[in-house]
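Heads up: the structure comes next, in structure tokens.
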Amino acid sequence: MDFSKIKFNKDGLIPVITQSYYSGKVLMQAYANKEAIEETIKTGYAVYYSRSRQKLWKKGETSGNLQKVVKIKIDCDGDSVLYLVKDYNVACHTGKESCFYRDIEFKDEDKPDAYEILHSLYKLIKDRKETLPENSYTAKLFKKGSDKIVQKVGEEAIETVIALKNNDKREIVYETADLLFHLLVALVDRGVGLEDIQEELLRRYK
């Protein structure tokens, strides 16, 4: 890594934004010095610099919430760094997945942002499978078994094809959303992660 292109501040630090490699969710912001970045590259796990303790800290060293770094990027001005991470649990000390869980009025946001909707929905479906709450449509699908889930995927696929043939945008959007939802249910049922699909698409990308 060419450290000459990184503009550390007068204290030898640079802001680090940490983002999920798969969902794009911004997880946290911290600081790093040259040594922290070198350790991150060497170990493959996110290492930062604690300004309060004035020493390096490996994320998840005590909590177990390690961050596997897939890629490190530098912004156009060279004054901030981006860690793209995977295989993490939560990033925030509050137990939230991201430290950015409040809006500008300091209210907790319940709904996911648009870019992460598929990953958030996948997690919700997975939770429904594990907890099987009453009056949950998703839980009822899991109770009926894999054959019923696969059947629903087929039905929704046919309805999506019909919508595409009809060339009605609203119908296409509605039916595609139904198809994607039931596909996610099937993926959870079969133990296939969205990350697996993303990795396969990345492999094919040329």
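I'm told A91 meets every condition in (1) exposed (fewer than 12 other Cβ atoms within 10 Å of the Cβ); (2) hydrophobic (A, V, I, L, M, F, W, C); (3) in contact (Cβ under 8 Å) with a residue 40 or more places away in the chain except one. Can you identify the failing condition by its number?
Every listed condition holds for A91 apart from (1).
Could you check the range 58-86 and list, in sequence order, the residues that are among the acidic types (D, E) and either closer than 20 Å to P15 by Cβ or touching a helix residue (DSSP H, G or I) at 6+ places or on another chain (Cβ under 8 Å) (or both)?
Of everything in the range 58-86, those that are among the acidic types (D, E) and either closer than 20 Å to P15 by Cβ or touching a helix residue (DSSP H, G or I) at 6+ places or on another chain (Cβ under 8 Å) (or both) turn out to be D75, D77, D79.
Out of E134, E130, which single residue is of a type in the set (D, E), more than 26 Å from the chain's Cα centre (by Cα) and loosely packed, with under 14 Cβ neighbours inside 10 Å?
E134
Could you grab me the full set of residues in the range 79-127 that are in a helix (DSSP H, G or I) and not hydrophobic (A, V, I, L, M, F, W, C)?
Passing the criteria: Y115, E116, H119, S120, Y122, K123, K126, D127.
Taking the range 1-54 only, how many residues are in a loop (DSSP other than H, G, I, E, B) and more than 30 Å from E200 (Cβ to Cβ)?
Residues flagged as in a loop (DSSP other than H, G, I, E, B) and more than 30 Å from E200 (Cβ to Cβ) within the range 1-54 amount to 14.
Please give the helices (runs of 4 or more DSSP H) falling wholly within the range 128-206 in which 1 or more residues are over 28 Å from G24 (Cβ atoms).
The qualifying helices (runs of 4 or more DSSP H) are 137-144, 146-166, 169-190.
Here's the yes/no breakdown for (1) loosely packed, with under 13 Cβ neighbours inside 10 Å; (2) of a type in the set (D, E); (3) closer than 30 Å to Q19 by Cα:
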site	(1), (2), (3)
D110	yes, yes, yes
G145	yes, no, no
A157	no, no, no
T160	no, no, no
A186	no, no, yes
L202	yes, no, yes
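Considering only residues that are free of Cβ contacts under 8 Å to residues at least 40 places away in the same chain and not hydrophobic (A, V, I, L, M, F, W, C), look in the range 186-206 and name the one that is farthest from V70 (Cα to Cα).
Out of the qualifying residues, it is G191.
If I filter the range 60-74 for residues that are at pLDDT 95 or above and surrounded by fewer than 12 Cβ atoms within 10 Å (Cβ to Cβ), do I get at least one hit?
The answer is yes; a qualifying residue exists.
Among the residues of the range 23-50, how many are of a type outside the set (A, V, I, L, M), modelled with pLDDT of 95 or more and more than 20 Å from G64 (Cβ to Cβ)?
8
Yes or no: V188 modelled with pLDDT of 95 or more, over 21 Å from D87 (Cα atoms) and β-branched (V, I, T)?
No, not satisfied.
The values are calculated or read from the model by the stated rules, or taken from the named source; none is laboratory data. Keep in mind that this is a model prediction, so the values were computed, not measured. Backbone-built Cβ (ideal geometry, glycine too); neighbour counts: all protein chains shown.
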